[in-house]
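*Asks:* Quick one: the structure is below, questions incoming.
The values are calculated or read from the model by the stated rules, or taken from the named source; none is laboratory data. Predicted model, so just to flag it, every value in this text is computed and none were measured. Here the Cβ positions follow ideal geometry from the backbone for every residue, glycine too, while neighbour counts run over all protein chains shown. Quick note on the areas: whole protein, heavy atoms, side chains included, nothing else; ligands and nucleic acids left out. Shrake-Rupley method; radii C 1.70, N 1.55, O 1.52, S 1.80 Å.
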Amino acid sequence: MKPIKIAGLILMMIMLMSTPVYAAPNEQADHAFDNKVVKRINVDTIYQHVYHLSEVIGSRGAGTEGELQTVEYLEDQFESFGYEDVNVYEFTFESGGEEITSYNVEAVKEPMKNHDTGQAIIVGSHHDSVPWGQGANDDASGTAALLEMARVFANTPTDTTIKFVAFGAEEYGLWGSRKYAAAMTPGEVENTVAQFQMDMVGSADAGDLVMFTADGEKNLVTDLGAAAGSRVSELVPYSELGRSDHVAFHNLGIPAALFIHTPLEPWYHTEDDVIEHISKEKLQDVANIVGAALYQVARKDTPALEKSTVAPVPVDYYYEEPEL
Ligand SMILES: [Zn+2]
């Protein structure tokens, strides 16, 4: 073990012993609002989505038949939850002298008519896998959690627009999120207050949950994630990493973070990234944390973010050296 890690661990233990990690003004009320989302997230449903994406469809490389089946599945699921605003955005990119067509799939949750802050949050995953594998964890897991969150939020009143987006062609160089971000209008960029990315959130053989930002700095999303973790699970540290779809939003000045377990599992980007290595506990934990973080700002009885005195509740969370 490296000395810096021991020092970090000791510091963390001192912090945990000396200060309460969670000091909300009204604990009862906060847990009541978390429960509105957390109690409705069904881990069996998430697991079923992972099964369908990775076993029934299988490999979902960008531009393949598997991707087309995936796009159809996502559309069908979003529509079955009652979303009227479901968008499939086609784009093309070059790889090895070949033009490949891929898709972003989005469901838009509209705010209440009388309680609209005019703000939006993007929740993302990537629906493609590497071409040689089934990508149960990378990233059927995040996409499955995204679908279940979209189902739960479909009939939950919010004062904030929530865009649930499954990006395409992440494995070829973050193409889907880059195309999506590039197509945002200046007004949309201005109004988008947060981007949560879930990529590899279900491996039984990976480490603990970490929130990665592209610049290694805390931001609104990590504040919300840490606070939500302290309420519904455990405190989540933050660290620095690009390499996923949060980067494009960070580059637009939008607070963004990648939720992922590290260190990575041995099956990462192999043909052994299959459902047998997926943990329901991990899936449930991440969906609970991201769902609670999302609802903390999107629920209707909170004011718009810059005026908010409710969210996020500050907690002492710490930087962890990236371990990938
Ligand atoms: Zn991935």
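*Asks:* Restricting attention to the range 128-139, which residues are more than 10 Å from the ligand (Cβ to nearest atom) and open to solvent by less than 10 Å² (accessible area, probe 1.4 Å)? Steps first, please.
*Replies:* Of the range 128-139, the ones more than 10 Å from the ligand (Cβ to nearest atom) are 131-134, 136.
Selection gives 133, 136.
*Asks:* Right, next: Being more than 16 Å from the chain's Cα centre (by Cα) and among the β-branched types (Val, Ile, Thr) narrows it down to one residue among 192, 213, 158, 222; which is it? Show your work before the answer.
*Replies:* On the way: 192 fails: more than 16 Å from the chain's Cα centre (by Cα); 213 fails: more than 16 Å from the chain's Cα centre (by Cα); 222 fails: more than 16 Å from the chain's Cα centre (by Cα).
Unique residue meeting the criteria: 158.
*Asks:* Residues of the range 41-55 being loosely packed, with under 15 Cβ neighbours inside 10 Å and either assigned to a loop (DSSP other than H, G, I, E, B) or at pLDDT below 95 (or both), which ones?
*Replies:* The answer is 42, and nothing else.
*Asks:* Here are some conditions: (1) within 15 Å of the ligand (Cβ to nearest atom); (2) within 20 Å of residue 166 (Cα to Cα); (3) open to solvent by less than 40 Å² (accessible area, probe 1.4 Å); (4) more than 14 Å from the chain's Cα centre (by Cα). Residue 275 meets all but one. Which one does it not meet?
*Replies:* (1)
*Asks:* May I ask you to verify whether residue 235 is modelled with pLDDT under 95, touching a helix residue (DSSP H, G or I) at 6+ places or on another chain (Cβ under 7 Å) and either within 16 Å of residue 315 (Cβ to Cβ) or outside any loop (DSSP other than H, G, I, E, B) (or both)?
*Replies:* On the way: modelled with pLDDT under 95: yes; touching a helix residue (DSSP H, G or I) at 6+ places or on another chain (Cβ under 7 Å): yes; either within 16 Å of residue 315 (Cβ to Cβ) or outside any loop (DSSP other than H, G, I, E, B) (or both): yes.
So residue 235 passes the test.
*Asks:* Hey, among the residues in the range 175-213 that are charged (D, E, K, R) and surrounded by fewer than 22 Cβ atoms within 10 Å (Cβ to Cβ), which one's farthest from residue 43 (Cα to Cα)? Explain how you work it out, then say what you get.
*Replies:* Going residue by residue through the range 175-213, those that are charged (D, E, K, R) are 178-179, 188, 190, 199, 205, 208.
When the remaining residues are screened for being surrounded by fewer than 22 Cβ atoms within 10 Å (Cβ to Cβ), the result is 178-179, 188, 190, 205, 208.
Working: 178: 30, 179: 31, 188: 32, 190: 34, 205: 18, 208: 18 Å.
Ranking the qualifying residues of the range 175-213, first place goes to 190.
*Asks:* Looking only at the range 106-127, how many residues end up being within 16 Å of the ligand (Cβ to nearest atom) and in a strand (DSSP E or B)?
*Replies:* We begin by selecting, within the range 106-127, every residue within 16 Å of the ligand (Cβ to nearest atom); these are 123-127.
Those left that are additionally in a strand (DSSP E or B): 123-126.
Total satisfying the criteria: 4.
*Asks:* Mind listing whichever residues of the range 140-170 are away from the ligand (no atom under 16 Å from the Cβ), crowded, with 24+ Cβ neighbours inside 10 Å and among the polar types (S, T, N, Q)?
*Replies:* Passing the criteria: only 160.
*Asks:* Let me ask something additional. Output the residues belonging to the range 91-105 that are surrounded by fewer than 17 Cβ atoms within 10 Å (Cβ to Cβ) and not in a loop (DSSP other than H, G, I, E, B). Talk me through it step by step, then tell me what you get.
*Replies:* So in the range 91-105, the residues surrounded by fewer than 17 Cβ atoms within 10 Å (Cβ to Cβ) come out as 92, 94-99, 101.
Hits for the range 91-105 are 92, 94, 95, 98, 99, 101.
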